[in-house]
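What follows is a set of notes on a single structure, which appears directly below.
Just so it is clear, none of the values below were taken in a lab; they were calculated from the coordinates. This is a predicted model, so every value here is computed, not measured. Cβ: placed from backbone, ideal geometry, glycine included. Neighbour counts: every protein chain shown.
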Amino acid sequence: MTLHEHLQHLGSGTTYRYDQPDAALLERFPNPFARGELNPAGVTGTLNISCPEFTSLCPVTGQPDFATIVIDMEPDQWCVESKSLKLYLGSFRMHGEFHEACVCRIANDLVALLQPRWLRVEGRFTPRGGIPLWPKVEYRRPDAG
């Protein structure tokens with residue numbers, strides 16, 4: 001089995017929607033840091049993913065909001081596939097939701113998919129009205145210490 005054998009969205013030719021966040025776009029692959037033949041010494045690792053092209057709409061004014069979404073995590077058995085993450089984040093583009101709700105939804109969808117040891121999602125939104133807003137949420141699996 002190859003690591004990408006079950007990925008569905010790579011090169012599928014599918015037309016995607018940009019007005020409704022869709023967690024079904026997210027895909028995962030086995031974590032190479034997990035114990036096994038790829039990691040006989042049992043090294044541990046963390047991931048830092050920076051997505052600088054995130055956009056959503058203000059639910060009140062309909063104006064676009066721009067952000068860099070930063071995801072830090074210690075995976076357990078799964079890692080998120082980057083193209084699927086890009087497609088998922090793109091599904092917010094024409095969706096009206098407050099910054100905090102976007103960040104919370106992203107974190108919850110990633111936790112449901114990956115069941116990481118810990119995960120942090122931060123939305124570094126560009127200032128609107130002179131006020132930068134950077135909501136941050138964190139998840140720590142109870143048995144991860």
Of 107, 67, 34, which is the most mobile in a GNM of the chain whose springs link Cα atoms less than 10 angstrom apart?
-> 34
Report, in degrees rounded to the nearest 10, the 0 to 90 angle that the Cα long axis of helix 99-114 makes with the longest principal axis of the chain.
-> 20
With each label point set 7 Å from Cα along the Cα-Cβ vector, what nm distance links residue 86 and residue 112?
-> 2.4
Over all alpha-carbon pairs of the chain, lay out the pair-distance distribution in 5 Å bins, whole %, shortest bin first.
-> 2, 9, 18, 21, 18, 14, 9, 5, 2, 1, 0
For the chain, built as a Gaussian network whose Cα springs stay under 10 Å, the top-fluctuating residue of 131, 49, 71 = 131
Alpha-carbon centroid distance for the pair the stretch 32-51 / the stretch 61-113, whole angstrom = 22
Set of the stretch 102-131 residues, backbone N closer than 17 Å to the point 7 Å along the Cα-Cβ line of residue 35 | 117
